[in-house]
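Have a look at the structure below, then the notes.
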Amino acid sequence: MPPLLASGMGGVAVTPHHLASAAALELLAAGGNAADAAIAANAVQGVVAPETCGIGGDLFALVWVPGDRRPLALNASGRAGSGVSAARLRDAGHTSVPLRGAASVTVPGCVDGWEALTARCGSLPLAAALRPAIGLAAGGFPASPELAAALEAARHDLGGVDAAASLYPGGAPPAPGDTLIRQDLGGTLAGIVADGRDAFYAGTAGEGIVAATGGDVTHADLERRQADWVDPLSATVFGRTGWTIPPNSQGWLTLAAAWLLEQLDPSPDPEDPAWAHAQIEAYRAVAWERDELVADPGNLTMPPERLVDPERLAARLARLEPGTVASWPAPRPVPGGTAYLCVVDAAGMAVSLIQSNFHGIGSRLGAGASGVLLHNRGAGFCLLPGHANELAPGKRPLHTLSPTLWARDGALELVLGTRGGHQQPQYLLQMAAAVLALGDAPGAAQQRPRWSTASFEAGSPSRVQFEDRVSGAVAAGLRERGHGVELAGSWMGGWGPISLISVAADGSRRGAADPRVSTATALAG
């Protein structure tokens, strides 16, 4: 089993796959910094675990530069194509953007994100960071149990997709441990090394994107760079400053819920039902409004900083009670396919990076014979006329990706993020509270029974699933307060994997991978 814990005074990488963690350490050993290592890990992850991410998807990153008092924030999420039309979908009878097919494909932002991250923060050429991924694509890698299961589930959708052919050798999905070779994707990555973004956006992959979307994404759309450096969003909570990406990311939910939890001041005892109740209620108090408030940065209904303003959140706090649940309208949670990874290098630079295909393998479309599978982030749009997040050309959709960084008095203390689609903020709330409020070591925080508010109806009490390792007293206490509690499996792989690295005052680092996913790994160099 890959190592789940790593510590030391040098570089540490925590990723969802041992080959991705190894690539990060390889780059650090070659003289690269955390930015180079994060790109290397991301590229490898996309080769060996396409059910989580890939260059047909989007990317967000927070970068902590030693000496700075706030991180850099990179939004490399792609925009809708020039040919999309919400009215056309409504006229065809759709009430939401279909999860599969051309309408769900926006311009992939990952490659532009890599170039932007390398140019501003890297210490090695992008070619060095992509070398491990190119080697694995050409030389082969063993299919993980998670990948084998995902490809089996998607075999009917991907059977005729050229970009997926190498994932189905002989026309059949691999068994766990079977070697897969992805020469097509390796060639696309090699082209990026040789010719930069144009090899992707104006090359075979770009032609494939235009064809796959029926021209809704045009060559002119692909010429536009998708990566922007933006102002990070922050809140003061647990005696620290928490940082995340502003909308079109939903990351503010983590900070807002954490602020409410701190104000509720529950007993800091995880075996007291009051602790779980306060977390759940803090999250529910803000989650219901996400779909109304998260949209393209140019179409927001309020400034990002207002989302985490204590004055605004105080109205939510006033409705929360220690002995009962509050009633709120409902969000629309949907599972997602995402890879979150974090790296801290010996010099103290840290990267909190998340990259995604959205729903597992995404739209079920490929970019020709490039080996690139296309995401379905366009499904994050809505079709409500006049809504801030209504599908329209050139807009970025509501995004679930929510990386975080946490600092105390200007010094980095925690790098934290997760997979989990719409549920990401609630998992991050639990982990941030465990590490920063309870004082858990990263490994201990990973072991705690996790909860998930998978869905709840407008106006109804809370319905919460818990890993079945939760104590009977906690479950009973929540039921007494009005929560509908259901027990799930002992270690829910879809409720993560969470990756985190803590940095102590003396500079020592502790990384912890999530035991819920068999490939998740923490390594130190």
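The values are calculated or read from the model by the stated rules, or taken from the named source; none is laboratory data. Everything numeric in this text was worked out from a predicted model, so none of it was measured. Neighbour counts are summed over all protein chains in view; Cβ atoms, including those assigned to glycine, are modelled from backbone coordinates with ideal geometry. Just the protein is used for accessible areas: all its heavy atoms, side chains included, with ligands, DNA and RNA removed. Shrake-Rupley method; radii C 1.70, N 1.55, O 1.52, S 1.80 Å.
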(Q) Going by amide H atoms built from the backbone, whose H comes under 5 Å of the H on Leu4, apart from near neighbours? (A) Ala522
Q: Could you tell me which label, among (1) 127; (2) 160; (3) 193, carries the value of volume of the Cα convex hull per residue in Å³ calculated for this structure?
A: (1)
Q. Per residue, how much accessible area does the chain show when a 1.4 Å probe rolls over the protein heavy atoms, in square angstrom?
A. 32 Å²
Q. What number in nm² do you get for region 13-134 if you take the convex hull of its Cα atoms and divide its surface by four?
A. 9.3 nm²
Q. Taking Cα pairs under 8 Å and at least six residues apart, what relative contact order does the chain come out at, in percent?
A. 26 percent
Q: Mind pulling up the Rg/Rh value for region 144-251? Radius of gyration and Kirkwood radius, both on Cα.
A: 1.11
Q: Would you mind putting 317-329, 253-265 in packing order, based on average other-beta-carbon counts within 10 Å, highest first?
A: 253-265, 317-329
Q) Carbon and sulfur atoms: what percent of the 1.4 Å accessible area of the chain do they account for? A) 53 percent
Q) Normalised by the number of residues in region 19-66, what is the relative contact order in percent for Cα pairs under 8 Å and 6+ residues apart? A) 31 percent
Q. Which whole-number percentage describes the relative contact order of region 43-106, with Cα contacts under 8 Å and a sequence gap of 6 or more?
A. 20 percent
Q. For the peptides 176-187, 397-408, what is the packing order when you average, over each peptide's residues, the other Cβ atoms within 10 Å and list the highest mean first?
A. 397-408, 176-187
**Q.** Point-charge dipole on Cβ atoms (K/R +1, D/E -1) for the chain, about Cα centre, debye to 20
**A.** 240 debye
Q: Pick out, from Leu19, Gly489, Ser518, the residue whose Cα sits farthest towards the positive end of the charge dipole of the chain, with +1 on the Cβ of Lys and Arg and -1 on the Cβ of Asp and Glu.
A: Gly489
Q. What number, rounded to the nearest 500 deg cm²/dmol, is the helix-based mean residue ellipticity at 222 nm of the chain, given -39500 (n - 2.57) per DSSP H run of at least four residues and division by all its residues?
A. -9500 deg cm²/dmol
Q: Name the residue farthest towards the positive end of the dipole of the chain from the options Leu353, Ala212, Tyr168, assuming +1 on Cβ of Lys and Arg, -1 on Cβ of Asp and Glu, about the Cα centre.
A: Ala212
Q: Scale the Cα Rg of region 263-344 by the rule-of-thumb value 2.2 N^0.38 Å and send over the ratio, two decimals.
A: 1.33
**Q.** Environment charge of Pro310, counting only residues whose C-beta is closer than 14 Å and scoring Lys/Arg +1, Asp/Glu -1
**A.** -1
Q.
How are the alpha carbon pair distances in region 332-434 distributed across 10 Å bins from zero to the largest one, expressed in percent?
A. 14, 34, 31, 17, 4, 0
